[in-house]
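Let me begin by presenting the structure, written as structure tokens, before commenting on it.
Since every read-out is calculated from the coordinates, none of them should be taken as a lab result. What you see is a predicted model, and the numbers here were worked out from it, not measured in a lab.
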Amino acid sequence: MSVFRTLNRFVFLPTAGITVGFVSFVKAWPDESKSLTLEDSSQESCTRQGAYEPLPLTFQRQDILEKISKLHIYKELMENNNVTHAVQSENIPTGHRPYHVGQGQLFGPTKLEIDPLIFKDEVTKSLVVFYHLGSGLSNENKKIHKGILSLLLDEGLCYCGFPSLPSKRGVTAQLMVDFKKEIPSDTTVILRAKVSELKGRKCVIKGTLEAIPKKNIFQYVCGIEPNHGETYVSAKCILVEPKWFKYLSWLNIF
């Protein structure tokens, strides 16, 4: 009898509890069988049947989107055949949005005021994202909270590194952030990220948050377009794929 009690306490009940919890979790997870996964390219998000529609433009700052569309760097990215482009909402299933920080709590007037514009280059394993940071994300000094910047960098660098991992998904093992200059509220910034090292289930990505490039006097005179703006923050992310992830590759819940 004592053996049965021991097995019941340490084997049967825990196993039953985990099973019930897991099944309940999967059932509660929004049913988006036709939504995008990490294995879908950004370009497919515009044409795949059943894919989630991007956020309506009425929810966004039209003046900011217009300014970004006139930037030299934006035009270059749009013309690059190796680069796929999308908005962040296209990569997030409908039912998941309210629980996604950037599309839920932090999105809207005075916060993230545009649906982040994402440009991904699979050849160079690099990423460029345009954000606009509203006044609602600032501190008492009208500077953007460093926690917000860390969140954007973590998300952006991971998104850049995911495709390089065996199962296209992973977790942040370490994020190192160097805050060089505070960012004023109501500012458009550019996140740049690139895979710098790849070894099996480990991926290292480096990135920055930069200001919109501005011409100096010399560049104006010579007609040179600057490629980079002032760097506000630099970061390095170590992304790893746990061994057990490969056993759940068939279950699209991560």
How about Lys194: which lysines have a C-alpha closer than 18 Å to its C-alpha, ignoring those fewer than 8 places off in the same chain? Lys120, Lys125, Lys168, Lys202, Lys206, Lys236
For the stretch 69-108, divide the Cα radius of gyration by the Kirkwood radius and give the resulting Rg/Rh value with two decimals. 1.14
Karplus-derived 3J(HN,Hα) from phi for the stretch 174-188 (6.51 cos²θ - 1.76 cosθ + 1.60, θ = phi - 60°), whole Hz, x at Gly and Pro, runs 7, 10, 10, 10, 10, 7, 8, 7, 5, 9, x, 5, 6, 10, 8
